[in-house]
Amino acid sequence: MSLKDQLRLDLQSAMRARDEHRKNVLRMALAAVQLAEVEKSADLTDEEILDVIRKEVRRREDALVLIRQVGREDAVKEELLQLGILNAYLPQQLGHDDVASIVRQVIAELGADSPARLGDVMKAVMPLVKGKADGRLFAERRAGLVNA
């Protein structure tokens, strides 16, 4: 079953259960998928649908920061609920230790012995962690990757 079909089934279940929050989030997610399909002029693969969901998660995370700044706790709860629903469709995220282990393995395989090889390491690591690790992990720890 494709991810799009799963979203549709979950939407139907939410409608039957009268779960308004879940129903609204799933409708929004399906609308975003349909918009992306129209832009692409073709059906999306499951990986492309995951990318759409990741974008929606990022939007909510950004909105959450702004909402907290203005002190709207009622809206914070709503955004957190929406994030929880969307995150359920994303693969389990790798932790810092898991990413560091992958980086060390790639460094050993490539024989990267200096920071000048950081680009080569990143090119090899990124496909291994795509969608499973937040890119911010790399931005924060970039300088220490070769020495990891």
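Couple of notes before you dig in:
- Here the chain exposes an accessible surface that is 52 percent carbon and sulfur, computed with a 1.4 Å probe and the other protein chains kept in place.
- Here is how the number arises for the chain: DSSP H runs of 4 or more residues each give -39500 (n - 2.57), the sum is divided by the residue count, and the result at 222 nm is -24500 deg cm²/dmol.
- Percentage relative contact order, the chain, counting C-alpha pairs under 8 Å, at least six apart: 19
- Rounded to the nearest 20 debye, dipole of the chain from Cβ charges on Lys, Arg, Asp, Glu: 220
- Spacing of the modelled spin labels on D120 and T45, each 7 Å from Cα toward Cβ, amounts to 2.8 nm.
- Accessible surface, per residue, of the range 16-97 when the full set of protein chains is kept, probe 1.4 Å, Å²: 65
- Counting all C-alpha pairs of the chain, share separated by more than 28 Å (%): 37
- Theoretical FRET efficiency, 1/(1+(r/R0)^6), r = Cβ-Cβ of K130 and R18, R0 30 Å, to 0.05: 0.20
- Qualifying aspartates and glutamates (Cα of each under 20 Å from Cα of K23; at least 8 residues distant if same chain): D5, D10, E56, E61, D74, E78, E79
The values are calculated or read from the model by the stated rules, or taken from the named source; none is laboratory data. Quick caveat: nothing in here was measured; it's all calculated off a predicted structure. Backbone-built Cβ (ideal geometry, glycine too); neighbour counts: all protein chains shown. When the accessible area is computed, the model is the full protein with side chains, heavy atoms only, and any ligands, DNA or RNA have been set aside. Shrake-Rupley method; radii C 1.70, N 1.55, O 1.52, S 1.80 Å.
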